[in-house]
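Shown next, in structure tokens, is the structure this report addresses.
The values are calculated or read from the model by the stated rules, or taken from the named source; none is laboratory data. Note that this is a predicted model, so its numbers are computed, not measured. Note that we place each Cβ from the backbone using ideal geometry, even for glycine, and neighbour counts take in every protein chain shown. To get the accessible areas, we keep the full protein, side chains included, count just its heavy atoms, and leave off ligands, DNA and RNA. Shrake-Rupley method; radii C 1.70, N 1.55, O 1.52, S 1.80 Å.
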Amino acid sequence: MITQEGLEKIAAMIAGLQSPFIAIGDGNGEKFRKAVGAVITSGPVVRFRTSLSLSEGNGDHTYLALFSDAASGAGTGVKIGQVDQLFNKGQTQVLNVECKITVQGV
């Protein structure tokens with residue numbers, strides 16, 4: 001069994017991912033990506049957050065993905081995970097997006 005301290009150590013290692021980016025897209029592929037602006041660790045939970053301004057990522061989307069070792073160009077880096085979720089962002093909205101990873105023992 002992994003201890004609570006072990007879970008928190010693993011979360012801290014995840015929080016140290018190099019060059020994290022959050023990407024959004026649809027069935028036709030990635031539409032927009034942005035560097036993570038904040039990484040917040042709380043116990044075994046790691047949150048990767050960024051904010052999309054009025055002109056960023058507008059349109060209909062079907063997924064949100066987290067990449068590490070990435071750059072601003074689509075298709076770069078290693079996909080850590082993806083959440084399939086229908087959402088829309090309009091040009092009159094600022095949208096905060098977050099990828100949350102919870103480390104737990106099995």
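Descriptive notes on the structure:
- Positions within segment 3-23 being assigned to a helix (DSSP H, G or I) and in contact with a Ser or Thr (Cβ under 7 Å, 6 or more places away or on another chain), in sequence order: 11, 12, 15
- Among the candidates 74, 65, the residue that is modelled with pLDDT under 95 and either touching a strand residue (DSSP E or B) at 6+ places or on another chain (Cβ under 7 Å) or crowded, with 18+ Cβ neighbours inside 10 Å (or both) is uniquely 74.
- When each of 18, 4, 82 is tested for being under 22 Å from residue 106 (Cβ atoms), under 16 Å from the mean Cα position of the chain (by Cα), polar (S, T, N, Q) and open to solvent by 50 Å² or more (accessible area, probe 1.4 Å), the lone residue that passes is 82.
- Segment 33-69: number of residues that are more than 11 Å from the chain's Cα centre (by Cα) and either more than 21 Å from residue 101 (Cβ to Cβ) or among the basic types (Lys, Arg) (or both): 8
- Residue match in segment 27-37 (condition: open to solvent by less than 40 Å² (accessible area, probe 1.4 Å), assigned to a strand (DSSP E or B) and not hydroxyl-bearing (Ser, Thr, Tyr)): yes
- Residues that are assigned to a strand (DSSP E or B) and exposed (fewer than 14 other Cβ atoms within 10 Å of the Cβ), drawn from segment 38-48: 38, 40, 42
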